[in-house]
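Structure first, then comments.
Just so it is clear, none of the values below were taken in a lab; they were calculated from the coordinates. Keep in mind that what you see is a predicted model, and the values were worked out from it rather than measured. Note: ideal-geometry Cβ built from the backbone for every residue, glycine included; neighbour counts use all protein chains shown.
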Amino acid sequence: MSTQFPLNLILAPNKSAKAFVNGEANAEAVTALADTSEWANNILAVIGPKGSGKTHLGHIWAERYKAIALDGSKGFVPRQNYRGRALWIDDASLADEYTLFTLINLTITGELKALLFSDQNMPSDWNVQLPDLHSRLKNVQVARIQEPDEDLLSAIITKLFMDRGLKVSDNLIDYLLVHADRSVDSLRSLIHGLDKQAAAEKVNVTRIFAAKYMQGKPF
């Protein structure tokens, strides 16, 4: 049986360090983020599949280093208050090229404390037109997040349910490991759908319920 909390107690996904699920798949990134002094030119790119924990790690790092958090998909320009600070840019490949080039140069010269990128693609593969920026990106140090193994995926599924205020049984988690798409992003969408349908039916999310939902059977 799953335990559903009152709707007003269901919070946004927990991005704290305590809530992060560590495993072999993300060990390289976790280790790299622990010490910025080991970064070449004080710049690091964390690369991994969608939903693999890049943004969660970025939040943890930004909290630890009191960094300014930016979103590459939303336009921004370098500001005076960036100087002397650490910066994190999520979805960095979507950021303006001139802005990226400026921030990289400011970091190399020491005017920024550290610069963290997170993205699905390697910096050398970003679609940029500025030759000098492309050259800079090819030299950015990279830490990779791999697809999660069985144990990590099980822990991630548990966390995704907890993020929605649900505590579920082990047999439901085992069922999803066997029958669901194993990408984290797909699991997040599935769990969202299960939660929404269960709320509409006013039932708990169980293995039997999940099987019916995934097979498209009527409730």
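Quick notes on this one:
- Helix 170-179 and the longest principal axis of the Cα set of the chain meet at an angle near 70°.
- Straightening the chain between Val178 and Asp151 buys 8.4 nm, computed as 0.36 nm per residue apart minus the Cα-Cα spacing.
- Modelled this way, with points 7 Å down the Cα-to-C-beta line, the labels at Ser73 and Thr109 are 3.3 nm from one another.
- Of Leu152, Leu194, Leu177, farthest towards positive along the dipole that unit charges on Lys, Arg, Asp, Glu beta carbons give the stretch 149-215: Leu194
- Size descriptor, Kirkwood hydrodynamic radius, that averages inverse alpha-carbon separations across the stretch 24-144, Å: 14.0
- Entries of Lys54/Lys202; Lys18/Lys138; Lys18/Lys50; Lys18/Lys212 with Cα pairs more than 26 Å apart: Lys54/Lys202; Lys18/Lys138; Lys18/Lys212
- To the nearest ten degrees, helix 54-65 and the longest principal axis of the Cα atoms of the chain are 60 degrees apart.
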